[in-house]
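Structure record follows, encoded as structure tokens.
The values are calculated or read from the model by the stated rules, or taken from the named source; none is laboratory data. Remember, it's a predicted structure, so these values are computed and weren't measured experimentally. We place every Cβ from the backbone using ideal geometry, glycine too, and count neighbours over all the protein chains shown. Heads up: the accessible areas ignore ligands, DNA and RNA and are worked out on the full protein's heavy atoms, side chains in. Shrake-Rupley method; radii C 1.70, N 1.55, O 1.52, S 1.80 Å.
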Amino acid sequence: MRFDHHTLVLLVRPPDAPELPDEEEAAALQDAHLAYQAGLYDKGHLVAVGPLGAQDDQRLRGVAVLTVDPETARQLYSADPAVRAGRLAVELMTWMVPAGNVRFERVQPPRSMAEATGS
């Protein structure tokens, strides 16, 4: 059997994540994070991304599926503003599924919270 390989990035909140002084700074960082991920999508590196909810492990904040190898994914996400700020950390893995089993539609991720919430 042939397998497709996808690089998964788990975005996790580190235990020592810095607290941000106010909501404006937190909102600006979140918008920068979303814009960065949308840029990865525009370049063809990212095929799916989104936050997690109702998870058992509250450290887990989001998942991204990339078209690149794990080392390239690590390099790309090390430049994410939320990772650089220490608010998120990256855990990487390769997800292997039977060839053709998973398909991703071209859907642009939001570039800001305003876009994500429609406000």
Next item on the list: Please give the contour-minus-distance gain from VAL63 to ALA17: 0.36 nm per residue of separation, less the Cα-Cα distance, rounded to one decimal in nm.
Entry: 14.7 nm
Item checked: Point-to-point label distance, GLU91-SER78, nm (Cα→Cβ direction, 7 Å offset) -> 2.0 nm
Margin query: About the Cα centre, and with charges only on the beta carbon of Lys, Arg (+1) and Asp, Glu (-1), how big is the dipole of the chain? Nearest 20 debye, please.
Written below: 520 debye
Notebook entry, point to check: How much accessible area per residue does the chain have, in Å², with a 1.4 Å probe?
Noted result: 61 Å²
Item checked: Probe 1.4 Å - accessible area at PHE3, Å² to nearest ten -> 90 Å²
Note to self: So, R0 is 41 Å and r is the distance between the beta-carbons of ALA28 and PHE3; what FRET efficiency does that work out to, to 0.05?
What the structure shows: 0.50
Notebook entry, point to check: Could you give the nm distance between label points at GLU105 and ALA54, where each point is 7 Å from its Cα heading toward the beta carbon?
Noted result: 2.1 nm
Next item on the list: Report Rg(Cα)/(2.2 N^0.38 Å) for the chain, keeping two decimals.
Entry: 1.09
Notebook entry, point to check: Rounded to the nearest 500 deg cm²/dmol, what is the calculated helix-only ellipticity per residue at 222 nm for the chain, with -39500 (n - 2.57) per DSSP H run of length n ≥ 4?
Noted result: -9000 deg cm²/dmol
Margin query: Given a 1.4 angstrom probe, I'd like the percentage of the accessible area of segment 29-119 that is carbon and sulfur, rounded to a whole number.
Written below: 53 percent
Next item on the list: Quick one: order THR67, THR7 from most to least accessible surface, probe 1.4 Å.
Entry: THR67, THR7
